[in-house]
Amino acid sequence: LARTGEGPLHDYMVAAFADQLGLTVDEINQRLSDGEHMVDIALDQGLTLDEFRALMLDIRAQALEQAVADGVITQEQADWMSTRGGMRGGMRGSFGGNFTNCPMVNQSGQ
């Protein structure tokens, strides 16, 4: 998965989000590029706000697990990220919260 500058979990989360909604990654990315927010897409697909919130928590956990399995981040980094804010950017597609002092950012120099 290519990094898009939206955070280390962005591509993993978009893939899981698309899968859960029955859309393609390209469709989600296009809609995000067009200015929609993930919450807008979910509501448009018939989810309630509460269902969207629960879905995003599940997707974030899945994304962390997959990123560790793929060697993109360490388990320590995943643990750190799981204790931080979940989504930022108004749920537009930026994930992971504030990365100040994140072990991943500190190790990669980003």
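Criterion applied to M81, M104 was being within 18 Å of G7 (Cα to Cα), modelled with pLDDT under 55 and of a type in the set (A, V, I, L, M, F, W, C), and the one residue passing it is M104.
Checked against the criteria, G71 does not count as farther than 22 Å from P8 by Cβ and loosely packed, with under 14 Cβ neighbours inside 10 Å.
Identify, please: which residue in the stretch 3-62 is in a loop (DSSP other than H, G, I, E, B) and touching a residue at least 60 places away in the same chain (Cβ under 8 Å) and is, among those, most open to solvent (accessible area, probe 1.4 Å)? Here the answer is E6. Taken across the stretch 84-91, residues that are at pLDDT 95 or above and over 19 Å from A18 (Cβ atoms) do not occur at all.
The values are calculated or read from the model by the stated rules, or taken from the named source; none is laboratory data. Quick caveat, the model's predicted, so the values are computed rather than measured. Methodologically, a virtual Cβ is constructed for each residue, glycine included, from the backbone with ideal geometry; neighbour enumeration extends over all protein chains shown. Side chains are part of the model used for accessible areas, which takes the heavy atoms of the whole protein and leaves out ligands, DNA and RNA. Shrake-Rupley method; radii C 1.70, N 1.55, O 1.52, S 1.80 Å.
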